[in-house]
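Q: Here you go, one structure.
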Amino acid sequence: MKTQDYISLEERYGAHNYRPLDVVIHKAKGVWVTDVDGKKYLDCLAAYSAVNQGHCHPEIHKAFTAQAKKVTLTSRAFRNDQLPLLYKMLHDLTGYEAALPMNTGAEAVETAIKAARKWGYTVKGIPENKAEIICAADNFHGRTTTIISFSTDAQYRNGFGPFTPGFTLVRYGDIDELRRAINKNTAAFLVEPIQGEAGIIVPPEGYLREAERLCKENNVLFMVDEIQSGLGRSGKLFAFQYDNVHPDMVIIGKALAGGFYPVSAVLSSREILGVFTPGDHGSTFGGNPLAAAVACAALNVLVKEKLAERSFTLGAYFIKKLRSIKSPHVKEVRGKGLWIGLVLDTKARPYCEALMKEHILCKETHDSVIRFAPPLIITKKEIDWACVRIAKVMRSMD
């Protein structure tokens with residue numbers, strides 16, 4: 001079967017809730033993917049940062065297959081010998097006292113919301129059903145019914161109401177608006193240290209530091225969503241480290257399993273996660289032995305190969321190369337680490353389609369931004385190779 005055969009099958013039998021580029025990937029290794037027709041492409045999306053370690057990393061694959069031969073799922077009705085190892089690794093790597101594992105990023109966000117609300121009632125003393133959580137406009141935290149209730153993207157909300165109450169929105173990066181929004185019923189402030197789906201928006205320097213201070217002054221939990229920005233993507237282990245803060249809760253996912261399995265977690269203190277008692281919250285698959293073994297291997301690769309450090313150095317190099325490209329349609333190049341947004345004054349989709357023909361895979365976001373987020377194992381030589389082709393596309397579209 002050829003590319004069009006697979007596309008026809010998908011269009012006929014699949015739900016049309018995505019608009020992918022018309023490339024059908026058959027296999028992948030490192031930063032390269034190959035389609036069903038044998039064409040190779042440089043992956044500059046990394047499955048929305050889920051494969052920071054590169055596609056099919058051999059060490060993660062080894063852990064995956066070894067554990068799959070022993071036991072994959074026990075449910076949390078019993079203990080398993082892999083989850084404690086993941087707990088210990090997360091503690092040693094991040095400094096947080098406790099972790100609550102889930103599967104998808106959205107599930108972890110839901111977990112953080114539930115923890116914040118229960119903390120608000122049982123610790124802060126907010127009256128029952130009055131807890132409020134402040135979120136930033138243009139956020140993206142997932143697509144569950146509760147999460148889209150505090151989205152400002154009309155498409156994410158259209159046709160899916162009624163929505164979950166209890167959320168207040170403020171402008172991203174506006175510390176004065178956050179200050180005005182906090183009240184006696186505010187349980188938490190949930191924010192992305194760098195907004196991804198909004199177009200790789202980096203907040204003003206010191207914004208997170210001031211937000212943390214406001215939260216502490218008002219007994220409000222400071223929660224950060226590091227699902228995409230974390231685990232090396234932004235050039236540090238976590239993007240919040242650029243402002244030298246220590247959030248009360250950190251939500252992680254995606255690269256936590258290197259693309260082999262959906263694994264997410266909420267990191268926090270023993271006190272905050274201690275608001276959950278047996279039966280309050282759970283997941284059949286969350287914390288299963290296969291997930292835990294894979295996550296341990298993925299974190300080992302992250303540390304051993306110094307991927308956060310690579311992202312910091314190579315991201316600065318990639319941004320500099322992109323900024324040197326002359327095009328009247330390029331308004332800005334922004335980002336941190338290997339998480340880069342090339343902002344256009346026109347629609348980005350045609351550029352992504354043209355880049356695909358040059359064997360580079362990336363995706364538009366927020367309509368006019370091209371996101372470049374390759375696996376963190378990319379080399380300087382591969383960045384140079386990509387920039388030649390990106391410049392060619394920019395010139396051809398003038």
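The values are calculated or read from the model by the stated rules, or taken from the named source; none is laboratory data. Computed from a predicted structure; not experimentally measured. Neighbour counts run over all protein chains shown; Cβ positions are idealised from the backbone, glycine included.
Q: Listed residues 398, 345, 384; which is surrounded by fewer than 16 Cβ atoms within 10 Å (Cβ to Cβ) and modelled with pLDDT under 95?
A: Selected residue: 398, the only one of 398, 345, 384 that is surrounded by fewer than 16 Cβ atoms within 10 Å (Cβ to Cβ) and modelled with pLDDT under 95.
Q: Looking at (1) closer than 18 Å to residue 262 by Cβ; (2) touching a strand residue (DSSP E or B) at 6+ places or on another chain (Cβ under 8 Å); (3) of a type in the set (Ser, Thr, Tyr), which is the one condition that is false for residue 72?
A: So residue 72 meets the others, but not (2).
Q: Shifting gears a bit: In the range 1-58, which residue that is closer than 28 Å to residue 237 by Cα and charged (D, E, K, R) is farthest from the chain's Cα centre (by Cα)?
A: Looking at the filtered set, the residue picked out is 29.
Q: Residue check: is residue 204 without any contact (Cβ under 8 Å) to a residue 40 or more places away in the chain, within 18 Å of residue 341 (Cα to Cα) and not in a strand (DSSP E or B)?
A: So residue 204 passes the test.
Q: In the range 204-263, what residues are in contact with a strand residue (DSSP E or B) (Cβ under 6 Å, 6 or more places away or on another chain), among the acidic types (Asp, Glu) and surrounded by fewer than 24 Cβ atoms within 10 Å (Cβ to Cβ)?
A: 212
Q: Can you tell me which residue is nearest to residue 191 (Cα to Cα) among those in the range 119-175 that are among the acidic types (Asp, Glu) and more than 18 Å from the chain's Cα centre (by Cα)?
A: Taking the range 119-175 as the starting set, the residues that turn out to be among the acidic types (Asp, Glu) are 128, 132, 138, 153, 174.
Pick out the ones that are also more than 18 Å from the chain's Cα centre (by Cα) and you get 128, 132, 174.
Working: 128: 24, 132: 14, 174: 12 Å.
Across the range 119-175, the extreme among qualifying residues is 174.
Q: Suppose we keep only residues that are touching a residue at least 40 places away in the same chain (Cβ under 8 Å) and part of a loop (DSSP other than H, G, I, E, B) within the range 110-137. Which one would you say is surrounded by the fewest Cβ atoms within 10 Å (Cβ to Cβ)?
A: 127
Q: Can you name every residue in the range 348-359 that is surrounded by 22 or more Cβ atoms within 10 Å (Cβ to Cβ) and either of a type in the set (A, V, I, L, M) or more than 18 Å from residue 321 (Cα to Cα) (or both)?
A: Listed by number, the residues that qualify are 348, 355.
Q: Same structure again: Have a look at 187, 181 and point out the one that is touching a Gly at 6+ places or on another chain (Cβ under 6 Å), aliphatic (A, V, I, L, M) and buried (at least 16 other Cβ atoms within 10 Å of the Cβ).
A: Going through 187, 181 in turn, the sole match is 187.
Q: Could you identify the single residue in 177, 210 that is touching a helix residue (DSSP H, G or I) at 6+ places or on another chain (Cβ under 7 Å) and either outside any loop (DSSP other than H, G, I, E, B) or small (Gly, Ala, Ser) (or both)?
A: Answer to the check: 210.
Q: Regarding the range 8-20, can at least one residue be identified that is charged (D, E, K, R), free of Cβ contacts under 8 Å to residues at least 40 places away in the same chain, in the same structural domain as residue 355 (by TED's automatic domain parsing) and within 24 Å of residue 382 (Cα to Cα)?
A: no
Q: Would the range 79-89 turn up any residue that is within 19 Å of residue 280 (Cα to Cα) and modelled with pLDDT of 95 or more?
A: As a first pass, look at the range 79-89 and keep what is within 19 Å of residue 280 (Cα to Cα): 79.
If we keep only those that are modelled with pLDDT of 95 or more as well, we get 79.
Yes, the conditions are met somewhere in the range 79-89.
Q: Can you list the strands (runs of 3 or more DSSP E) lying wholly within the range 1-109 that have 3 or more residues being in contact with a Phe, Trp or Tyr (Cβ under 9 Å, 6 or more places away or on another chain), surrounded by 14 or more Cβ atoms within 10 Å (Cβ to Cβ) and aliphatic (A, V, I, L, M)?
A: 98-102
Q: Search the range 221-243 for residues being in a loop (DSSP other than H, G, I, E, B) and free of Cβ contacts under 8 Å to residues at least 40 places away in the same chain, and hand back the single one that is nearest to residue 195 (Cα to Cα).
A: It comes out as 226.
Q: Criterion first (surrounded by 23 or more Cβ atoms within 10 Å (Cβ to Cβ) and either assigned to a loop (DSSP other than H, G, I, E, B) or out of contact with any Asp or Glu (no Cβ under 8 Å at 6 or more places or on another chain) (or both)) does residue 155 satisfy it?
A: It is false that residue 155 is surrounded by 23 or more Cβ atoms within 10 Å (Cβ to Cβ) and either assigned to a loop (DSSP other than H, G, I, E, B) or out of contact with any Asp or Glu (no Cβ under 8 Å at 6 or more places or on another chain) (or both).
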